[in-house]
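Visitor: Structure below; questions to follow.
Every number in this text was worked out from the coordinates using simple rules, so none of it is lab data. Since this is a predicted model, take the numbers as computed values, not measurements. Positions of Cβ are backbone-derived with ideal geometry, glycine not excepted, and every protein chain shown enters the neighbour counts.
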Amino acid sequence: EAHLHPQAQLRVLKSLLADENSKVQYIFTTHSTQLGSSVPLKYIKLCFNSNVYSLDNSSTALSEDDYQFLERFLDATKANLFFAKGVMIVEGDAENILIPTLAELLDRPLYKYGVSIVNVGSTALLRYANIFKRKDGNALPIKVAIVTDLDNKIDENGQIDIQNGNISIRQKDIQKKYNSTDGNIKAFLSPLKTLEFDIAMGNLYEYMDRAIQIAKKIKSNKDWITDEEVENIQLQDFSIEKDAHKRAKIIYEPLEKNQASKSVTAQWFAKLLNDDKKNIINLIKEDYEKNTGVKYLIEAIEHVTEKINW
């Protein structure tokens, strides 16, 4: 397959799948994401640690509806989950861009651990997680981290709207839905609202503020900004504002009002972190110790790699 054009791979595969009357059984081994995304899930067997795991409906926690959904949306960009030693399932571009940067900064590069990020581009995270869940409630021997937002509503002061109910109960309900009984699959939730809001609650708020302001400027300039314009962007003064919730609300507002792109924000935020690595590590460590900001992202990275020795 390595020497076949992707379209040629599909032609061979489709011709074999169409031959329903054949009494011949075909067995393929492959590392092609093109083929992995094109073979119906029920036919796939994952080989891991000398064992073979079927993905048919008698083995997985997938419902018939899940199978139909995944056959529509599980494309070659997501099929890398079949070839990974660890998987991070995320709901959007921001996490997809930022998490590898954080992992590199923390000396836990995802490629070193054979970890794939699957960006589902929606909230259909559970459908992908159920690929790894078995009928008995356990999971494949592959660590899976599901990174998602808690999406609480906030008031004008950045405080959580009391109509959301008990946050800890909501967190437990979501984790119960996603987590496997053996601990291999775990959900990691933004503690309050979204990735950007929660990061703005922690030590990296100035970097997030700058990234959002740059993204806002780019949107008004039709996707172009000069180095000089980046340097001249005026950051907001939060020296007097001691309430982290209010600060996060102000920083996050351009994203909430669709004045800036989340993916552009994440791209610039990652760049700003890389440009100031020495200082960033200390700030991230403080976030981790204070249980705020990027801590939940760090815990997700640790789950699929290894614990960080601060």
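Visitor: In degrees between 0 and 90, to the nearest 10, how far off the longest principal axis of the chain does helix 64-73 point, with axes built from Cα atoms?
Guide: For 64-73 against the chain, the angle is about 70 degrees.
Visitor: Based on the alpha-carbon gyration tensor of segment 153-310 and its eigenvalue square roots a ≥ b ≥ c, which shape applies: rounded if a/c is under 1.5, prolate if not and a/b is larger than b/c, or oblate?
Guide: Values: a/c = 1.83, a/b = 1.42, b/c = 1.29.
In terms of gyration-tensor shape, prolate.
Visitor: Just to check I understand the Karplus step: with θ = phi - 60° and J = 6.51 cos²θ - 1.76 cosθ + 1.60, what whole-Hz values come out for segment 76-89, glycine and proline as x?
Guide: Result, rounded to whole Hz: 5, 6, 10, 5, 5, 5, 6, 10, 9, 8, x, 9, 10, 9.
Visitor: Going through segment 1-73, which GluC sites (Glu not before Pro) have at most 10 other Cβ atoms within 10 Å and a DSSP loop state? Present the calculation step by step, with values, prior to reporting the outcome.
Guide: Details: sites: GLU1, GLU20, GLU64, GLU71; in loops: GLU1, GLU20.
Counting only loop positions with at most 10 other Cβ atoms within 10 Å, the GluC sites (Glu not before Pro) in segment 1-73 are GLU20.
Visitor: Then there's this: For a quick check: with amide H placed at 1.01 Å from N, whose amide H comes under 5 Å from ILE154's, ignoring anything fewer than 5 positions away on the same chain?
Guide: Correct list: ASP161.
Visitor: Further, regarding this structure: Determine the percent antiparallel among the DSSP beta bridges restricted to the chain, to the nearest 5.
Guide: On the way: 7 of 22 bridges.
The answer is about 30 percent antiparallel.
Visitor: Search the structure for amide H atoms under 5 Å from the amide H of VAL87, placed 1.01 Å from N in the peptide plane, and list their residues when 5 or more places away or on another chain.
Guide: Here SER116, LYS143, VAL144, ALA145 satisfy the definition.
Visitor: Right, something else. For LYS172, which lysines qualify as cross-link partners when the Cα separation must be under 16 Å and same-chain residues fewer than eight apart are set aside?
Guide: Answer for LYS172, where 16 Å is the Cα cut-off: LYS186, LYS193, listed by chain and number.
Visitor: Taking Cα atoms, how many degrees apart are the long axis of helix 262-274 and the longest axis of the chain, rounded to 10 and kept between 0 and 90?
Guide: Roughly 70 degrees between the two axes.
Visitor: Under a 5 Å amide H to amide H cut-off, with H placed in plane at 1.01 Å, what residues pair with ASN179 once short-range neighbours are removed?
Guide: The answer is ALA187.
Visitor: If you take the square roots of the eigenvalues of the alpha-carbon gyration tensor of segment 30-73 and sort them as a ≥ b ≥ c, do you get rounded (a/c under 1.5), prolate (a/b over b/c) or oblate?
Guide: Oblate is the answer for segment 30-73, as a/c is 1.5 or above yet b/c matches or exceeds a/b.
Visitor: Return the subset of LYS23/LYS133; LYS112/LYS277; LYS177/LYS307 for which the Cα-Cα distance in this structure is over 27 Å, preserving the input order.
Guide: Numbers: LYS23/LYS133 32 Å; LYS112/LYS277 20 Å; LYS177/LYS307 25 Å.
Listed pairs above 27 Å: LYS23/LYS133.
Visitor: Going by alpha carbons, how many degrees (0 to 90, nearest 10) lie between the helix axis of 295-304 and the longest principal axis of the chain?
Guide: Roughly 20 degrees, rounded to the nearest 10.
Visitor: Is the C-alpha gyration tensor of the chain telling us rounded, prolate or oblate? Criteria: a/c under 1.5 is rounded; beyond that, a/b larger than b/c is prolate, otherwise oblate. Mind showing how you got there, number by number?
Guide: Working: a/c = 2.16, a/b = 1.75, b/c = 1.23.
Here the chain falls in the prolate category.
Visitor: At a threshold of 8 angstrom on Cα-Cα distance, excluding pairs fewer than six apart, so keeping six or more, what relative contact order does segment 1-90 reach in percent?
Guide: Working: 60 pairs, mean separation 24.0, N = 90.
Value for segment 1-90: 27 percent.
Visitor: Mind checking which aspartates and glutamates have their C-alpha under 16 Å from LYS290, skipping anything on the same chain fewer than 8 residues away?
Guide: Once the sequence-local aspartates and glutamates are set aside, what remains near LYS290 is ASP198, ASP243, GLU299.
Visitor: Then there's this: Starting from the 7 Å offset along Cα-to-Cβ, what nm value, one decimal, do you get for the label separation of ALA244 and GLU228?
Guide: 3.9 nm
Visitor: Ignoring everything except DSSP H segments at least 4 long, calculate the 222 nm mean residue ellipticity for the chain; use -39,500 (n - 2.57) per segment, divide by total residues, nearest 500.
Guide: Working: 13 runs with 137 residues, N = 310.
Helices in the chain give a 222 nm mean residue ellipticity of -13000 deg cm²/dmol.
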